[in-house]
Amino acid sequence: MEQLKTIGRELAMGSQGGFGQSKEFLDLVKSIGEARSKAEEDRIVLHEIETLKRRISEPDIPKRKMKEYIIRLVYIEMLGHDASFGYIHAVKMTHDDTLLLKRTGYLAVTLFLNDDHDLIILIVNTIQKDLRSDNYLVVCAALNAVCRLINEETIPAMLPQVVDLLAHSKEAVRKKAIMALHRFYQKSPSSVSHLVSNFRKRLCDNDPGVMGATLCPLFDLITIEVHSYKDLVVSFVSILKQVAERRLPKSYDYHQMPAPFIQIRLLKILALLGSGDKQASENMYTVVGDIFRKCDSSSNIGNAVLYECVCCVSSIYPNPKLLEAAADVISRFLKSDSHNLKYMGIDSLGRLIKMSPEIAEQHQLAVIDCLEDPDDTLKRKTFELLYKMTKSSNVEVIVDRMIDYMISINDNHYKTDIASRCVELAEQFAPSNHWFILTMNKVFEHAGDLVNVKVAHNLMRLIAEGFGEDDDAADSQLRSSAVESYLHIIGEPKLPSVFLQVICWVLGEYGTADGKYSASYITGKLCDVAEACSNDETVKAYAVTALMKIYAFEIAAGRKVDMLHECQSLVEELSASHSTDLQQRAYELQAVICLDAHAVENIIPSDASCEDVEIDKNLSFLNSYVQQSMENGAQPYIPETQRSGMLDTNFRSQDQPEASLHGLRFEAYELPKPPVPSRIHTASLEPSTELVPASEPAYPKDTHQVATVPSVSDAGSSELKLRLDGVQRKWGRPAYSSSAPSPSSSTSQNTVNGVTQIDAAGSVISKAHKTNDSRKPRVEISPEKQKLAASLFGGSSQTEKRSTSASHKVTKAVSHAAGKSQAPKSAVVSNQVTVEKTIHQPPPDLLDLGEPAVPSTTPSVDPFKQLEGLLDPTQVSSTANHGAVGAATESPDIIALYGKTPASGHSSSAAISLPTNGDGVNFTAGLLDATLSTAHAEQLSV
Amino acid sequence: MGIRFILMVNKQGQTRLAQYYEYLTLEERRALEGEIVRKCLARNEQQCSFVEHRNYKIVYRRYASLFFLVGVDNDENELAILEFIHLLVETMDRHFGNVCELDIMFHLEKAHFMLEEMVMNGCIVETSKSNILSPIQLMDRA
């Protein structure tokens, strides 16, 4: 190696004169090359910065010298130092007339500047001028710069010229112009939406380089909107066929493979176009089959193309022969000694098992080898595969393995990833409550701060509501085992905050429920937690409320409460806390303790986190009061609908300011009888200072009025929801309202809110669908490494179980949702006592769940799959129409293409354009064929 | 978008060429390069030439003292990128004649010009060596 280096150095030195590099530059590069440490390198670069700062602003620097300076600037930035002092000189260099200098200038500028840098404005003019140049190399240089420097605002300045260049006589220019247009599309799709047909046109370019480049933007377009491009399937297939048959110039060959990079991109495009489209897919079978046969499986590039074939086959409508070929490729990959091929094998296995689940069977040992391989990359890929093939029969093994791995790594990014996968699998396939709790404990313990807070809320809800059927014994057993495991774990140092919150809540709610642990034991533990987390207010709040619940249960059970000394000091400390939330909790705790059993029982009923909170929406208990007021001369309430005459229509158009209307109305018609108006007045004007818990339903009405004003958009659609918003604001407890306090899921009580309900239901449907769909893969096998293999790949009889368990889960979720929507009280689960006393705020983790209407939408057969089959013809016919435009624009180009052929005989892409070359003619003819046949088809359809 | 960045780094971890197809600040680049170089250099010959890092996948290949690292999106064909690296090296070989680290250092701009021909907007747009090199040769002659 050292030898190589010296040879290289001599070579470079030898070229010293030839390339006109100065001694100074050579010395700089040499010293950087010889630097033995980063520190030494930094020293050299810092010195270089000083030198350059002085030199570069000297007057009359020869151009050659300047170019060298610019490259030295590039070095400075590349090695991690700021060279902004010299940017302006790079910009100036783009103005130079010498091509090499100009291009160096552009290169430096693209390396230095982001597309929103201030200096860009100085280059726009130069670029515009260069795009008009007669020298195509100058145009190319400018187009390179366009791709790097043009942002949304400057696109219009370039667009017309770039579009003109699409028809330039030099293929290199056309290629770069296409890519510039692609860049514009990436930056601002709307700016070029009217020009998208150009991409279709350039697909028929007679230069394979231009055609190949055009595949990039087309791939992006098709990814976003597959249906508009179905008409191109035939063209793509025909191009791919010709590429595979070596109709492209030899210079595109790579290791005896004809234009493999173009083949790969075409296969990617076909995979998109054929996905779920039987008719389109049928067009592809032959060519993909051919490529399977032709690929040289002994070279890397051959395998790269084969891999892309497998990806394509597992994406398009299945074909048995191709699936077989794909399976063969995969098994060759997996049996290979090369880790790279094994990696590709595992990846493609993960893709193919969606189509043919049984293929994993033959490879179980290979998979396990990969799982146990010391190579981290391979291991992760294998976990990804396992994730895809998890079902209820192997979930324990897989999740255990994942957790072990999760514990062993330090990379937070991946840890988060794998933790959320564990949670997802555990929630979906858990074989038993006990296992579920233990698994969640492990995940929380080791990655608690990385998982979504939703997960914690889910867990609490699950413990509160129990797993399944109305089996109280099982539920309380679940709770006991949770309590037990938490008490076991609680002493561990440095538990994540989210986990501690769960622990506190569960201990508060169920710590003393089964009588196994005494109140003082549990409260002691809770105090320990609160003390240990002196910086975490959320955990402290959970702990205090848990304490309050424990004491309340004790009082309600008629036992005498002896507050531990440490509790007392904790409460005292908190009642002087800076956090008003903590203060309030402390005061509430003190207040509750002084009450008698009956009162306490009403405030905090035991095990009532899932109970309904009765809300008297009609406020019937106020009837007598209203009666009395009317007798005293108050005006009767007129429902909003009957009030139209008296109201400003502007206000009414959005039903939102209902509340303010109330306000107006009351003021306007008020008689000097004090009680009614004054009360509403204070409530509506000073909601935020009102600290008394709204313990009776009289308040909702008031708070509603207040809340309507801020939440304009939702107002009117749901009274209940608004009221909740108001309450939440008043109590200001962000910790419990989590990141997404969307109101929509809490609104189901309100019949007016039909739209939201449907939305929510819809999301459940799609969720359920996804569950059934993505969990479909099933695998089965038997041998040893084998116990693992057996446990991982299990028996086939399990498949049924999987789908039922999934759908069971969903129904369950749905029933939760139903429970929630009709039973606001249950939402309190994640909230706590204070909230219970007021009005519930549904926990945010419920937002994904919707309406009772859903159970019927969780079939074990995937209806969407069935639909796809039915829909195909319709999809195609709809795209045929779309294609008409493309075909129309294409045909003139094809003629042009023929016209041009003789003339362009001298171009570098002779193989395609030379008429003397049979292959070339075939290539274009094939394209023509393809486009003509599509055009024909369109005519028919029109 | 495909390719996010291309790096050439020697076995001491010193950057020899860096081209990013999305904007990162100097600090971000420095941190990123440090992390992935550390990761890749620690791997042995038997292990995969692919490494996951944050949202990237790094495909790397070693030639004598020089590592070529390409950061790609998650759905990119890793083997193809591996061969793309080799194509780049073959192209540089054809131009420099058995390319070595110092060739790239002394002719940094040319190495960049080649990349500019091969990759635009993070996509591989040209794979014919003659097409890649012809503008550079024309410039040399001019």
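Values for this structure:
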| item | result |
| --- | --- |
| In segment B:33-46, the residues that are surrounded by 11 or more Cβ atoms within 10 Å (Cβ to Cβ), closer than 18 Å to A:D42 by Cβ and in contact (Cβ under 8 Å) with a residue 24 or more places away in the chain | B:E33, B:V37 |
| Filter result (more than 10 Å from chain B (Cβ to nearest Cβ), part of a loop (DSSP other than H, G, I, E, B) and either at pLDDT 95 or above or in contact with a Lys or Arg (Cβ under 9 Å, 6 or more places away or on another chain) (or both)) within segment A:251-275 | A:P258 |
| Any hit, segment A:200-214, residues being away from chain B (no Cβ under 11 Å), not polar (S, T, N, Q) and not in a helix (DSSP H, G or I) | yes |
| The lone exception for A:S476 - which of (1) over 20 Å from A:K525 (Cα atoms); (2) crowded, with 22+ Cβ neighbours inside 10 Å it fails | (2) |
| Test: residue in segment A:8-19 that is at pLDDT 55 or above, under 19 Å from B:H107 (Cα atoms) and of a type in the set (G, A, S) | no |
| Residue count, segment A:97-126 (criterion: within 14 Å of chain B (Cβ to nearest Cβ), over 22 Å from A:R54 (Cα atoms), more than 37 Å from the chain's Cα centre (by Cα) and crowded, with 17+ Cβ neighbours inside 10 Å) | 4 |
| Selection status of B:V37, more than 9 Å from chain A (Cβ to nearest Cβ), of a type in the set (V, I, T) and in contact with a Phe, Trp or Tyr (Cβ under 7 Å, 6 or more places away or on another chain) | no |
| Filter pass, A:L248 being over 21 Å from A:A180 (Cβ atoms) and either within 14 Å of another protein chain (Cβ to nearest Cβ) or crowded, with 19+ Cβ neighbours inside 10 Å (or both) | yes |
| Index of the failed condition, B:E52 passing every other in (1) at the interface with chain A (Cβ under 8 Å from one of its Cβ atoms); (2) at pLDDT below 95; (3) more than 20 Å from A:D376 (Cα to Cα) | (3) |
| Residues of segment A:54-88 that turn out to be part of a loop (DSSP other than H, G, I, E, B), in contact (Cβ under 8 Å) with a residue 24 or more places away in the chain and of a type in the set (A, V, I, L, M, F, W, C), as a count | 2 |
| Leading residue by the ranking (farthest from the other protein chains (Cβ to nearest Cβ)) among those in segment A:77-88 that are under 12 Å from A:K53 (Cβ atoms) and crowded, with 19+ Cβ neighbours inside 10 Å | A:G86 |
| So A:V287, is it farther than 21 Å from B:E126 by Cα, away from chain B (no Cβ under 14 Å) and surrounded by 22 or more Cβ atoms within 10 Å (Cβ to Cβ) | yes |
| Evaluation of B:R29 against (1) surrounded by 16 or more Cβ atoms within 10 Å (Cβ to Cβ); (2) more than 18 Å from B:G122 (Cα to Cα); (3) at the interface with chain A (Cβ under 8 Å from one of its Cβ atoms) (one fails), failing number | (2) |
| Lone qualifier among B:E83, B:E101 - being of a type outside the set (A, V, I, L, M, F, W, C), crowded, with 20+ Cβ neighbours inside 10 Å, facing chain A (nearest Cβ under 7 Å) and farther than 22 Å from A:S22 by Cβ | B:E83 |
| Residues (more than 7 Å from chain A (Cβ to nearest Cβ) and assigned to a helix (DSSP H, G or I)) located in segment B:114-142 | B:M114, B:L115, B:E117, B:M118, B:I132, B:L133, B:S134, B:I136, B:Q137, B:D140, B:R141 |
| Residue tally, condition farther than 26 Å from B:F50 by Cα and either touching a residue at least 60 places away in the same chain (Cβ under 8 Å) or within 9 Å of chain A (Cβ to nearest Cβ) (or both), over segment B:86-98 | 2 |
| Positions within segment A:127-148 being among the small types (G, A, S) and either touching a residue at least 24 places away in the same chain (Cβ under 8 Å) or assigned to a helix (DSSP H, G or I) (or both), in sequence order | A:A141, A:A142, A:A145 |
| Residues within segment A:533-560 that are farther than 20 Å from A:I503 by Cα and either crowded, with 17+ Cβ neighbours inside 10 Å or modelled with pLDDT of 90 or more (or both), tallied | 2 |
| Unmet criterion (only one of (1) surrounded by fewer than 23 Cβ atoms within 10 Å (Cβ to Cβ); (2) touching a Gly at 6+ places or on another chain (Cβ under 9 Å); (3) away from chain B (no Cβ under 13 Å); (4) not polar (S, T, N, Q)) for A:L166 | (2) |
| Residue match in segment A:456-463 (condition: among the hydrophobic types (A, V, I, L, M, F, W, C), touching a helix residue (DSSP H, G or I) at 6+ places or on another chain (Cβ under 8 Å), surrounded by fewer than 19 Cβ atoms within 10 Å (Cβ to Cβ) and farther than 18 Å from A:A532 by Cβ) | no |
| Yes/no for A:T382 being among the β-branched types (V, I, T), surrounded by fewer than 19 Cβ atoms within 10 Å (Cβ to Cβ) and more than 10 Å from every other protein chain (Cβ to nearest Cβ) | no |
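Results for (1) more than 14 Å from chain B (Cβ to nearest Cβ); (2) crowded, with 24+ Cβ neighbours inside 10 Å; (3) out of contact with any Asp or Glu (no Cβ under 7 Å at 6 or more places or on another chain); (4) outside any helix (DSSP H, G or I), shown as yes or no for each residue.
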| site | (1), (2), (3), (4) |
| --- | --- |
| A:N283 | yes, no, yes, no |
| A:G302 | no, no, no, no |
| A:V305 | no, yes, yes, no |
| A:A325 | yes, no, yes, no |
| A:D328 | yes, no, yes, no |
| A:R332 | no, no, yes, no |
| A:L341 | no, no, yes, no |
| A:R351 | no, no, yes, no |
| A:I368 | yes, no, yes, no |
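The values are calculated or read from the model by the stated rules, or taken from the named source; none is laboratory data. Please read these numbers as outputs of a predicted model, since none were measured by experiment. For neighbour counting, all protein chains shown are included, and Cβ atoms are generated from backbone atoms with ideal geometry for every residue, glycine included.
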